[in-house]
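Quick notes on the structure that follows.
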C-alpha cells in the first residue's frame, strides 16, 4: 500500500468545503439552535466556520481524549463551561468521531449542565467506521489517519518518530510532510525539536 493511502490530508480548502457541506446538511434539516458548543481542540476551528454559516454564538469546553495519538481510556473534561444550558438547543461539534468516547462523554457533560438530550444535536466532519457513536450529522466516513490543517506541529511531532522507526530517512520524512503541504521551515523546526 502506498504510504499516502493511509492518510486523509485535509487542506484548508478541503476543510472549508467540507464544513460548507456539513452546514448545508444541518440547514436542510430545519433544526433550530441557540448556540454551537465546540469540543476543544478539534471542534474549535469547525465551530468558528459553522458559526459564520449558521449565525450562531459559540461556547467551548475541552475534553482530553488523546495522548500521543492513542485514545485515553476515559475522556475527561479539563476546562469546562461556566454557564447553565437549561432550555438551550445545542449544536455540539467536533472534527471527528473517532472512537465515539469524546462525543459520549460530552453529551453527559452537557446534560450535567442542564441541557436535555433531545435538545442536543451532534455533528462532525468525519466519522471513523469503528466509532461507537455516530453523530447526527457528518460528511465523510474514513478509516484513514486524518491530517487536519490546524494540526501541523502535532502531526510532525507524532508522525516524525513513527516514520523514523520504520527506517525511512530524515529527507524522506521531510518529503512526506511537504507532500501534506506543510511549510519547510515548520517541518525543519519541529523535526529538530524532536531529534529526527
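Observations on the model:
- Each residue in region 114-153 was checked for being farther than 30 Å from residue 88 by Cα and surrounded by fewer than 16 Cβ atoms within 10 Å (Cβ to Cβ), and 7 of them qualify.
- Pairs meeting the criteria (first residue in region 95-108 and more than 17 Å from residue 85 (Cβ to Cβ), second residue in a helix (DSSP H, G or I), beta carbons under 8 Å, at least 6 apart or on different chains) are 95/42; 95/43; 95/45; 95/46; 96/42; 97/103.
- Residues in region 69-94 that are surrounded by fewer than 18 Cβ atoms within 10 Å (Cβ to Cβ), in contact with a strand residue (DSSP E or B) (Cβ under 6 Å, 6 or more places away or on another chain) and either farther than 13 Å from residue 40 by Cα or touching a residue at least 40 places away in the same chain (Cβ under 8 Å) (or both): 2 in all.
- Residues of region 182-196 classified as in contact with a helix residue (DSSP H, G or I) (Cβ under 9 Å, 6 or more places away or on another chain) and either closer than 16 Å to residue 7 by Cβ or exposed (fewer than 15 other Cβ atoms within 10 Å of the Cβ) (or both), total: 10
Read the figures in this text as sums done on the coordinates, not as results from a lab. The model shown is predicted, which means the values in this text are computed figures rather than measured ones. Cβ sites come from the backbone with ideal geometry, for glycine too, and all protein chains shown count toward neighbours.
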